[in-house]
Amino acid sequence: MTLPAAQRLAPDLTLSRGWLAPAAAEPGSRLALALWWQVGEMAPAANYRLHLRWQAADGTALPGPILALASDWAPSAWPAQAQVLTLAAPSLPISATAGAWTLHLALTAADGAPAGAAAILPLTVLSSTRRFDPPPLEITIGADFDGVLRLLGANLAPRPDRPGQTWRVTLAWQALISPATDLSSFVQLWDEDGQMRSQVNLAPGDRPTRAWLPGEVAVTTYDLDLPADLAPGVYRLMTGLHDPERAGLPRLHIQPGGADVIEVDRISLSR
């Protein structure tokens, strides 16, 4: 959503443009906020800070963050007639209910005193699809990957018993923190010699992991195809996580111990 018109938020500073995206989002989502400031005939008299506040149509108000207008450039040092851009990524409060909301933008001086009126940007809060309770699980695991995600467990039935079948593997993951990057997961089938014979790579959950909240649970289903030429024997189902945003696709490690893959189950195949 965009600011309908320029608005003076301090005697010496005007918000000339502003937009908030997306226009509709779930609670806990990270938004993109861009604000363009126009300095007046003289440099700003104060090092203003930006206060955000969320407000529902019924008057419910939730506090937002207090932000610097520029990370390394104090407003009092801005030259006259300058235009300065503020970029921020505020998160919608997890307690926000579905409906019409507004984001209120106000400037304060160093002593906390309001500098002027607030600008308002509208948005729609959607019903949350996040889940925080684990589903019923056939196998409980509880493996922590570098303190970022936890593998809660798995549902594996029905298990394949012959080569050429597809094994539907369902894993439940939980965020221990909000991940800094968008992680990917994998499931693999290993033979008795430890050789990988099949693999599926998927992002865990329906949203990028950097958008997960601490405690959030995501259930992911992997369709693992078993090659038709597999010999009879015992095969191991393995899983893990890696970071596709970093060179070398480094894997996360299970703590304690430091392994980068964990066994979920074993199956025996016959002809």
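Taken together, the values in this text are just the output of simple stated rules run on the coordinates, not laboratory data. All values reported here derive from a predicted model rather than from experimental measurement. Here Cβ is always computed from backbone atoms with ideal geometry, including for glycine, and neighbour counts include all displayed protein chains.
Points to keep in mind about this one:
- Sorted by Cβ neighbour density within 10 Å, fewest at the top, the residues PHE186, PHE145, PHE132: PHE132, PHE186, PHE145
- Remark on SER91: its backbone amide H falls under 5 Å from those of LEU31, a criterion applied only to residues 5 or more positions apart or on other chains, H modelled at 1.01 Å from N.
- Think of each Lys and Arg Cβ as +1 and each Asp and Glu Cβ as -1; about the Cα centre, that makes the dipole of the chain roughly 460 debye.
- For ALA231 and ALA89, the difference between the fully extended length at 0.36 nm per residue and the C-alpha to C-alpha distance is 45.8 nm.
- Alpha-carbon centroid distance for the pair region 196-271 / region 68-96, whole angstrom: 41 Å
- Remark on ALA143: its backbone amide H falls under 5 Å from those of LEU151, a criterion applied only to residues 5 or more positions apart or on other chains, H modelled at 1.01 Å from N.
- Size of charge dipole - region 7-125 - debye, nearest 20, with Cβ of Lys, Arg +1 and Asp, Glu -1, no other charges: 120 debye
- Packing-based order for 87-94, 7-14, using average beta carbon neighbours within 10 Å, highest first: 7-14, 87-94
- When the Cα positions of PRO163, THR220, VAL261 are compared along the charge dipole of region 139-269, THR220 comes out farthest toward the positive end, with charges on each C-beta of Lys, Arg, Asp and Glu.
- Put in line by how crowded their Cβ is, counting other Cβ atoms within 10 Å and starting with the fewest, GLU26, GLU41 read GLU41, GLU26.
- Net charge, GLY205 excluded, C-beta distance under 15 Å - Lys, Arg +1, Asp, Glu -1: 0
- Gyration tensor (alpha-carbon) shape descriptor, region 91-153, a/c threshold 1.5: oblate
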